Amino acid sequence: MELVYLSFILILAIFLGFELIQKVPATLHTPLMSGANAISGITLVGALVGAGSEGTTLTVILGTAAVAFATINVVGGYLVTDRMLAMFKKRVSK
Amino acid sequence: MQTVILINLSYTLAAVLFILGLKFLSHPATARRGNILSALGMLLAVVVTLLDQSIIDYRWILLGIVIGTVIGTLAARLVAMTAMPEMVALLNGFGGISSLLVGWVALAQPDLSNFILLTIFLSILIGGVTFTGSLVAWGKLSERISGRPFLFHGQRQVNALILLANFMCGVMFVLYPAQPLWLYLAIVLSATLGVMTVMPIGGADMPVVISLLNSYSGLAACAAGFAISNNILIVAGSLVGASGMILTNIMCKAMNRSLGNVLFSGFGAPSGDDDKLEGEVKSLSAEDAYYILEAAQSVVIVPGYGMAVAQAQHGVKELQELLEENGCEVVYAIHPVAGRMPGHMNVLLAEADVPYDLLLEMDDINPRMETFDVAIVIGANDVVNSAARENMNSPIYGMPIINVDYARTVFVLKRSMASGFAGLDNPLFYKENTRMIFGDAKETVNKLVREFSA
């Protein structure tokens, strides 16, 4: 049942993603990509459990590495997207 | 039980924030707010996850987060806008390796069903391909390795074999999860596959590759979400996966090629049988170009990757202002695949303070190209190559281009007559109304600026 429920979420999210992104104008494609990329750092949530649970030395090392990589992805992604978006300005009417 | 409900409710809220964030990204005026909302969603998801009862030790988490935050912050602050494609490629790769590792750790869970094992294998496969593929893309974009396609005889067969071996390895992995050999083999094969699929792709096709890797990084997170039965990973991962797919599709359409053609054809390898073009190349000095520009009523600027390489965007903006003071209308025409990633030119021009409403898309500019006095092509080649319209034998025949040759006069700023990335001759350079201004793009633009200021 769990599987059905997760697949259900998957399908809906993909359709929603298509609907949302279709409307993004070409001028914002780079920030869209880096912003979406930051969202894919959500894998951090999975990494946290791996790094903090009681486990073997191996799982803790792997989990910590996963946390570090995913954090670079999340922090770097959001900051660089913000830096780019701050530069987009509309023409000041003279 | 109550913590579990709290965590899941917070995940729902985080998903809503991601969705709103992406929705706000659809307009430049609200995009920045959207990004912040999405970041808040991420923060919420991370913080509530720390409440999870299976987490008993926070030291390693803290270590990982500190390392990641320092590196991520420094990278985001220090990276030059021209290096953005490399940066995005690298970040995609880090997301990929992280999903691979999460999948690996998930293997330590008790009572794994075959389905969970399959999704663990998928997170390793997609995560591994994303990681090494992104590293190769990063190397190519930052010119640490050659941007030329790397091809050898029987490449497709070799890649097909690796893929097949990987799938067989996946079957063994699911059947015999206790045997670590299949796990290691899956990691090695996936990493190899990532390298092998990106190596044959040339620099000009990088916008497609980055979009595709972007999509993969989302799908890898999605697979990892199944592996640990976490719905926020599945939602966020599939949103990113869908977004990358759409960009990939837009990029492919803009080149009039299928995804398969981009990935497997090794496009951009030098070919020997180019027809020699007839005609005369007419060059022009910057001084003479100035006289023409001074008299122009309307100018369209068409930037390409060369503008990024020469860092000419600030000079271009200065030229735009001087032309406007002279009573001339100036707009920019941006081809979807100009540069090395989707929207590359827009970001560079935004950095130089060019208002985004002056940047027009190909379909908006082409119908009125005849009305422009001058079209200035700066460091673009394939996206204005009229062979795409005129020469049925050209490999890029049928690709939509910006029809600069319909403008009254075309200036092409170019270093030399060397062919573009695709290695093709460009008949535009030989047209009656085309004038070549040879030299470094930045130098030439600065010369024009000086002429105007004098």
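If the condition is being of a type in the set (D, E, K, R) and touching a Pro at 6+ places or on another chain (Cβ under 8 Å), then region B:313-360 contributes only B:340.
Among the residues of region B:170-180, how many are touching a residue at least 40 places away in the same chain (Cβ under 8 Å) and either surrounded by fewer than 17 Cβ atoms within 10 Å (Cβ to Cβ) or within 17 Å of residue B:193 (Cα to Cα) (or both)? The qualifying residues number 1.
Conditions tested, residue by residue: (1) over 26 Å from residue B:9 (Cβ atoms); (2) touching a residue at least 24 places away in the same chain (Cβ under 8 Å); (3) in the same structural domain as residue B:108 (by TED's automatic domain parsing).
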residue: B:27; (1), (2), (3): yes, no, yes
residue: B:41; (1), (2), (3): no, yes, yes
residue: B:50; (1), (2), (3): no, no, yes
residue: B:54; (1), (2), (3): no, no, yes
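Among the conditions (1) modelled with pLDDT of 90 or more; (2) surrounded by fewer than 23 Cβ atoms within 10 Å (Cβ to Cβ); (3) within 23 Å of residue B:262 (Cα to Cα), residue B:383 misses just one, which is (2). Within region B:142-165, residues that are touching a residue at least 40 places away in the same chain (Cβ under 8 Å) sit with their Cβ atoms under 6 Å from residues that are among the acidic types (Asp, Glu), at 6+ positions apart or across chains, in these pairs: B:142/B:86.
Quick check on residue B:363: is it part of a helix (DSSP H, G or I), among the acidic types (Asp, Glu) and in the same structural domain as residue B:332 (by TED's automatic domain parsing)? Yes; evaluated as a whole, the condition is true for this residue.
The residue that is farthest from residue A:45 (Cα to Cα), among those in region B:80-103 that are facing chain A (nearest Cβ under 7 Å) and aliphatic (A, V, I, L, M), is B:84.
Anything in region B:242-297 that is part of a loop (DSSP other than H, G, I, E, B), closer than 30 Å to residue A:30 by Cβ and either modelled with pLDDT of 90 or more or not small (Gly, Ala, Ser) (or both)? List them, or say none.
Correct list: B:255, B:256, B:257, B:267, B:270.
Name the residues in region B:413-437 that are over 16 Å from residue B:279 (Cα atoms) and modelled with pLDDT of 90 or more, would you? Once the filter is applied, which keeps residues that are over 16 Å from residue B:279 (Cα atoms) and modelled with pLDDT of 90 or more, region B:413-437 yields B:413, B:437. For region B:62-74: of the residues being of a type in the set (Val, Ile, Thr) and more than 7 Å from chain A (Cβ to nearest Cβ), which is farthest from residue A:62 (Cα to Cα)? For region B:62-74, the residue satisfying everything is B:70. Checking each residue of region B:209-219 against the condition of being more than 14 Å from every other protein chain (Cβ to nearest Cβ), touching a helix residue (DSSP H, G or I) at 6+ places or on another chain (Cβ under 9 Å) and in contact (Cβ under 8 Å) with a residue 24 or more places away in the chain gives no match.
Scanning region B:366-386 turns up no residue that is in a loop (DSSP other than H, G, I, E, B), within 11 Å of chain A (Cβ to nearest Cβ) and on the phi > 0 side of the Ramachandran plot.
Among the helices (runs of 4 or more DSSP H) confined wholly to chain A, which include 1 or more residues that are more than 7 Å from every other protein chain (Cβ to nearest Cβ), over 14 Å from the mean Cα position of the chain (by Cα) and at pLDDT below 95?
Correct list: A:2-22, A:57-71.
Per the listing B:77, B:144, the residue uniquely more than 10 Å from every other protein chain (Cβ to nearest Cβ) and charged (D, E, K, R) is B:144.
Of all residues in region B:342-380, exactly one satisfies the criterion of being among the polar types (S, T, N, Q) and surrounded by 24 or more Cβ atoms within 10 Å (Cβ to Cβ), namely B:346. In region B:20-61, the residue that is nearest to the chain's Cα centre (by Cα) out of those that are of a type in the set (Val, Ile, Thr) and more than 8 Å from chain A (Cβ to nearest Cβ) is B:30.
The values are calculated or read from the model by the stated rules, or taken from the named source; none is laboratory data. All figures in this text were calculated on a predicted structure; none of them were measured in a lab. So basically every Cβ, Gly included, is an ideal-geometry build from the backbone, and we count neighbours across all protein chains shown.
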